[in-house]
Amino acid sequence: MSLFAAHAFAGAQTYTPLSASVRAVLQHSVSDQAAPKRAFATQYEADLWLNEMSRRLEKRLPDKRYRMDFLNSVHYEASRAGLDPQLVLGLIEVESGFKKYAVSSAGARGYMQVMPFWVREIGTTDQNLFHLRINLRYGCTILRHYLDIEKGDLYRALGRYNGSLGRPEYPNLVRAAWHNHWALPQRTVSSHYTPAS
């Protein structure tokens with residue numbers, strides 16, 4: 001079996017009108033233009049995570065500089081939204097197969113397959129969903145929103161994210177990608193420390 005799914009499993013988030021307070025919170029979240037910072041506790045943790053994820057992603061994103069920028073951005077945006085960065089990598093694997101310019105039949109765009117209605121609803125018309133950080137910011141914000149709606153129930157939140165609430169296929173695919181391809185085993189401190197470049 002291939003490490004990555006042959007086809008993306010992009011669906012379509014369903015538009016649901018937002019209350020004014022929820023819209024304001026989401027607007028604030030996607031409009032924050034602070035420069036991405038590393039969200040790791042230590043440099044050792046950063047290097048360990050980036051090196052391992054880079055190795056796993058190398059065949060999909062061969063340009064090392066872009067791959068490291070991608071991984072730093074995923075880690076930052078996922079952590080900022082209170083999500084596991086490895087879960088986000090699993091979701092991206094299933095949604096777009098790590099294709100930056102993926103477009104689903106429903107019109108979802110980019111790595112995290114964000115529907116354009118989100119830009120109209122909580123963003124500004126100049127935000128391009130194919131831009132790496134904008135796509136990740138929206139995707140992580142939306143998944144966090146759905147987790148909040150579902151009171152932390154990841155299965156239901158993933159169903160909402162994909163527009164397949166109540167059906168098991170999509171949540172099971174994301175969870176399998178997350179656990180089989182991106183989860184890190186518990187490790188002890190290694191004496192073989194290699195800084196990420």
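Only the coordinates and a few stated rules stand behind these numbers; no lab work does. These numbers come from a predicted model, not from an experiment. Quick reminder, even Gly has a Cβ in these numbers, built from the backbone with ideal geometry, and neighbours come from all protein chains shown.
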Notebook entry, point to check: Label points 7 Å out from Cα along the Cβ direction at Asp153 and Asp84: separation in nm?
Noted result: 1.9
Notebook entry, point to check: When only C-alpha pairs under 8 Å and at least 6 residues apart count, what is the relative contact order of the range 53-197, in percent?
Noted result: 22
Next item on the list: Provide the gained length on full extension for the span Tyr101 to Ala176, in nm with one decimal, where the gain is 0.36 nm per separating residue minus the Cα-Cα distance.
Entry: 24.6 nm
Item checked: Amide proton proximity set for Val114, modelled H, under 5 Å, gap of 5+ -> Arg109
Checklist line | Tensor-based shape of the range 135-180 (alpha-carbon gyration tensor, a/c under 1.5 rounded, otherwise prolate or oblate) | finding: oblate
Check: Over all Cα pairs of the range 20-182, how is the pair count split among 10 Å bins, expressed in % and running from 0 up to the last occupied bin?
Finding: 11, 41, 37, 11, 0
